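Single-structure report; data block below.
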Amino acid sequence: MLLSARAAAPAGLRSPASDAVLSVRGGAFGHGRRPVLTGVDLTVTPGEVVAVRGPNGSGKSTLVRGLLGLCEVHAGEVRLFDRPRDRFHHWHRVGYVPQRHTVAGGVPVTVRELVSTGRLNRLRPWQRFGEADRCAVDCALEGTALAGFDHRPLAELSGGQQRRALVARALAGDPELLLLDEPTAGVDADSQRVLAATLAGLAGTGAAVVVVLHELGPLADVVTRVVTLPAGAGPC
Ligand SMILES: Nc1ncnc2c1ncn2[C@@H]1O[C@H](COP(=O)(O)OP(=O)(O)OP(=O)(O)O)[C@@H](O)[C@H]1O
């Protein structure tokens with residue numbers, strides 16, 4: 001399957017490959033020995049918000065995981081910030097919200113504590129958590145409509161609220177590349193609108209966003225490009 005996502009890019013957003021935050025040529029990703037997607041060509045540049053859509057099982061999560069090296073890469077080279085991914089070490093520049101993430105009920109962590117862990121990659125060894133870090137956490141909480149929830153035990157939040165807390169954790173790291181796998185699943189419309197504004201602001205700073213969505217919803221005005229995976233991409 002050829003996924004020629006670049007072809008749909010608005011002309012104004014195109015830039016030389018060396019400007020790319022993320023690029024892959026001839027990528028093939030799968031699980032174990034089983035490729036799910038092949039012929040993946042994708043370039044994402046600063047300020048873009050790329051939505052990945054497609055039916056259940058079409059490989060959206062596999063694509064995102066493959067870009068991060070979290071599933072099998074059968075072919076192609078993924079580059080992050082113009083470095084081959086296997087030689088890329090600046091993971092503090094990258095945020096990721098997986099599709100499935102269970103919050104352990106037995107861990108007594110507050111929302112603020114969870115979101116604060118998103119700053120850890122930004123701290124140098126032995127560096128104290130400072131004012132700038134606290135501000136970043138506050139912004140992330142506000143940007144996910146969780147201001148006021150910060151001292152609540154995470155385990156006592158609803159599923160949608162926990163999902164927003166996980167997005168907040170990724171945002172707290174001030175990512176220059178943010179990959180979100182269905183961040184709006186189970187999230188109410190008002191909170192989706194807040195998230196849309198937050199992602200627009202992030203992209204406005206030059207960050208690139210790749211977001212898996214079933215419905216664009218309130219993010220429609222923020223998304224600059226849509227990549228649609230065909231049904232039954234399945235094993236090739
Ligand atoms: N860990 C895994 N091991 C083996 N096969 C997997 C694994 N995860 C996904 N698959 C298979 O890969 C294919 C694509 O799955 P993927 O989760 O990427 O699809 P998706 O488009 O994200 O689906 P959805 O919309 O349901 O989230 C499916 O056929 C699925 O069964």
Residues located in the range 144-184, provided they are in a loop (DSSP other than H, G, I, E, B), closer than 29 Å to HIS90 by Cβ and without any contact (Cβ under 8 Å) to a residue 40 or more places away in the chain: LEU146, THR184
Hits in the range 69-84 (condition: under 21 Å from ALA207 (Cα atoms) and surrounded by 19 or more Cβ atoms within 10 Å (Cβ to Cβ)): VAL78, ARG79, LEU80
Of all residues in the range 39-53 being surrounded by fewer than 20 Cβ atoms within 10 Å (Cβ to Cβ) and either at pLDDT below 95 or more than 18 Å from VAL223 (Cβ to Cβ) (or both), the one that is nearest to the ligand (Cβ to nearest atom): GLY39
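Okay, residues lined up against (1) within 16 Å of the ligand (Cβ to nearest atom); (2) in contact with a Phe, Trp or Tyr (Cβ under 8 Å, 6 or more places away or on another chain); (3) among the aromatic types (Phe, Trp, Tyr); (4) modelled with pLDDT under 95:
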{"position": "GLY148", "(1), (2), (3), (4)": "no, no, no, yes"}
{"position": "PRO153", "(1), (2), (3), (4)": "no, no, no, yes"}
{"position": "LEU157", "(1), (2), (3), (4)": "no, yes, no, yes"}
{"position": "GLN161", "(1), (2), (3), (4)": "no, yes, no, yes"}
{"position": "ALA168", "(1), (2), (3), (4)": "no, no, no, no"}
{"position": "SER191", "(1), (2), (3), (4)": "no, no, no, yes"}
{"position": "ALA208", "(1), (2), (3), (4)": "no, no, no, no"}
{"position": "LEU213", "(1), (2), (3), (4)": "yes, no, no, no"}
{"position": "VAL226", "(1), (2), (3), (4)": "yes, no, no, no"}
Any hit, the range 121-132, residues being among the small types (Gly, Ala, Ser), out of contact with any Leu (no Cβ under 6 Å at 6 or more places or on another chain) and either without any contact (Cβ under 8 Å) to a residue 24 or more places away in the chain or surrounded by fewer than 20 Cβ atoms within 10 Å (Cβ to Cβ) (or both): yes
Scope the range 54-67; condition more than 6 Å from the ligand (Cβ to nearest atom) and crowded, with 21+ Cβ neighbours inside 10 Å; matching residues: LEU63, VAL64, ARG65, GLY66, LEU67
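The values are calculated or read from the model by the stated rules, or taken from the named source; none is laboratory data. Remember, it's a predicted structure, so these values are computed and weren't measured experimentally. Here Cβ is always computed from backbone atoms with ideal geometry, including for glycine, and neighbour counts include all displayed protein chains.
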